[in-house]
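Undergrad: I have a structure here, written as structure tokens, and I will follow up with some questions on it.
The values are calculated or read from the model by the stated rules, or taken from the named source; none is laboratory data. Model, not experiment: these values are computed from the prediction. Positions of Cβ are backbone-derived with ideal geometry, glycine not excepted, and every protein chain shown enters the neighbour counts.
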Number of protein chains: 2
Amino acid sequence: MTKKTFPLSKVYRLLEPGPVLLLSTSHKDKPNIMTMSWQTMMEFEPPLVGCVISGRNHSFEALTKTKECVLNIPSAELAQQVVGIGNCSGSKVDKFKKFKLTALPASQVAAPMIGECFAHLECKVVDTRMVNKYNFFVLEVVKAWIDSAQKNPRTLHHRGKGQFMLAGETIKIPSRMA
Amino acid sequence: MTKKTFPLSKVYRLLEPGPVLLLSTSHKDKPNIMTMSWQTMMEFEPPLVGCVISGRNHSFEALTKTKECVLNIPSAELAQQVVGIGNCSGSKVDKFKKFKLTALPASQVAAPMIGECFAHLECKVVDTRMVNKYNFFVLEVVKAWIDSAQKNPRTLHHRGKGQFMLAGETIKIPSRMA
């Protein structure tokens, strides 16, 4: 098992760059996945993540009913699956099967982790006040995992219409910012 | 003038990849700038953007009082200024002067555009219900600009502690996603 605990206090470092995420749920024993780019950090620790999930997505009902999900971060090697997942509905397709992805058990939530991704944030829905108006959910990350076997993964960043910017080099500038 | 109108319907393509932003305000005739990475798209058109602005930031009061700002997107050439802006307070420093940045008049809001950035989203605060609990503002983009002189700008993506991922190459995969 190459999945290692990742400190909750550092979750913002995974999400601030703005990678495409795969949100996994499990509802009535049926796992599902959706592709997502509309999310933001809202608090460092415990880490809060705000995200918009359209009511047109099959995952909307699963998240509303179960109040649990996993945010998985795919690397560039999964770009075809990321697009494929975004172009079909869990109401018709078993996406784990169709895209040959591995559902791993999470520790704090019933939703599965996607084994092929390099990071996994187990989340519980903690605020639904903005769901009616904006489909905006506030999630608390209750457990985080990183895959020690994936070195320097390149994240995907959606530019619209199937265009993705791939993460480039990292620079470091002396800073007092978190 | 190389600043050209950019269609509101395409604003999400600028923000979905998750670039670092420079948020500019003007309060009591004093312009100010802050560095920001905690934002997400919330609606395509009119474009809504949700963002977290800590009460510790001088910009918090300006945004609360004036309900206007500009979200400017800097390219990698501005990395030093982006960090410098994030490491000092507008309560003590005129950041436009200190960082030799150009305040250009916007069209719909009193907050200035930062001339050296390659895109500018003029915004009005449209929902403050989540400000008390999360410092979370909902902004509507009322006018967008792009700088036609900056070709293929590389955006900055904050990884924490002054580390920035620079935008790499773009790939295209056939997709029906927006």
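Undergrad: If I go through the range B:67-91 residue by residue, how many of them are farther than 15 Å from B:Ala144 by Cα and of a type in the set (A, V, I, L, M, F, W, C)?
TA: Residues meeting the conditions: 7.
Undergrad: Of everything in the range A:117-166, what is of a type in the set (A, V, I, L, M), surrounded by fewer than 24 Cβ atoms within 10 Å (Cβ to Cβ) and closer than 22 Å to A:Ser9 by Cβ? Give them in sequence order.
TA: Across the range A:117-166, the qualifying residues are A:Val125, A:Val126, A:Val138, A:Val142, A:Ala144, A:Ile146.
Undergrad: Tell me whether the range A:101-112 contains one or more residues that are modelled with pLDDT of 95 or more and either over 20 Å from A:Trp145 (Cβ atoms) or charged (D, E, K, R) (or both).
TA: no
Undergrad: In the range A:21-37, what residues are part of a loop (DSSP other than H, G, I, E, B) and either more than 10 Å from chain B (Cβ to nearest Cβ) or surrounded by fewer than 24 Cβ atoms within 10 Å (Cβ to Cβ) (or both)? Even if it seems obvious, please write down each step before you answer.
TA: Step one: list which residues in the range A:21-37 are part of a loop (DSSP other than H, G, I, E, B), which gives A:28-29, A:37.
Once the filter is applied, which keeps residues that are part of a loop (DSSP other than H, G, I, E, B) and either more than 10 Å from chain B (Cβ to nearest Cβ) or surrounded by fewer than 24 Cβ atoms within 10 Å (Cβ to Cβ) (or both), the range A:21-37 yields A:Lys28, A:Asp29.
Undergrad: Quick check on the range B:72-84. Is at least one of its residues more than 14 Å from every other protein chain (Cβ to nearest Cβ) and surrounded by fewer than 21 Cβ atoms within 10 Å (Cβ to Cβ)?
TA: There is no residue in the range B:72-84 that is more than 14 Å from every other protein chain (Cβ to nearest Cβ) and surrounded by fewer than 21 Cβ atoms within 10 Å (Cβ to Cβ).
Undergrad: For B:Pro46, indicate whether it is touching a residue at least 12 places away in the same chain (Cβ under 8 Å) and not in a strand (DSSP E or B).
TA: Values: touching a residue at least 12 places away in the same chain (Cβ under 8 Å): yes; not in a strand (DSSP E or B): yes.
Answer is yes for this residue.
Undergrad: What is the number of the single condition among (1) at pLDDT 95 or above; (2) outside any helix (DSSP H, G or I) that B:Gly55 does not meet?
TA: Going through (1) at pLDDT 95 or above; (2) outside any helix (DSSP H, G or I) one by one, B:Gly55 breaks only (1).
Undergrad: Here's something else I'd like to know. Suppose we filter the range B:151-178 for residues that are free of Cβ contacts under 8 Å to residues at least 24 places away in the same chain, of a type in the set (D, E, K, R) and under 12 Å from B:Val20 (Cβ atoms); how many remain?
TA: So the count comes out to 1.
Undergrad: Right, something else. Of the conditions (1) closer than 25 Å to B:Ser9 by Cα; (2) out of contact with any Leu (no Cβ under 6 Å at 6 or more places or on another chain), B:Met36 satisfies every one except a single condition; which number is it?
TA: (2)
Undergrad: Here's something else I'd like to know. Residue under question is B:Ser91, and the condition is that it be closer than 19 Å to B:Thr2 by Cβ, in contact (Cβ under 8 Å) with a residue 24 or more places away in the chain and of a type in the set (Ser, Thr, Tyr); does it hold?
TA: no
Undergrad: Within the range A:87-178, which strands (runs of 3 or more DSSP E) (wholly inside it) include 1 or more residues that are away from chain B (no Cβ under 12 Å), of a type in the set (A, V, I, L, M, F, W, C) and closer than 25 Å to B:Asn135 by Cβ?
TA: A:119-127, A:136-147
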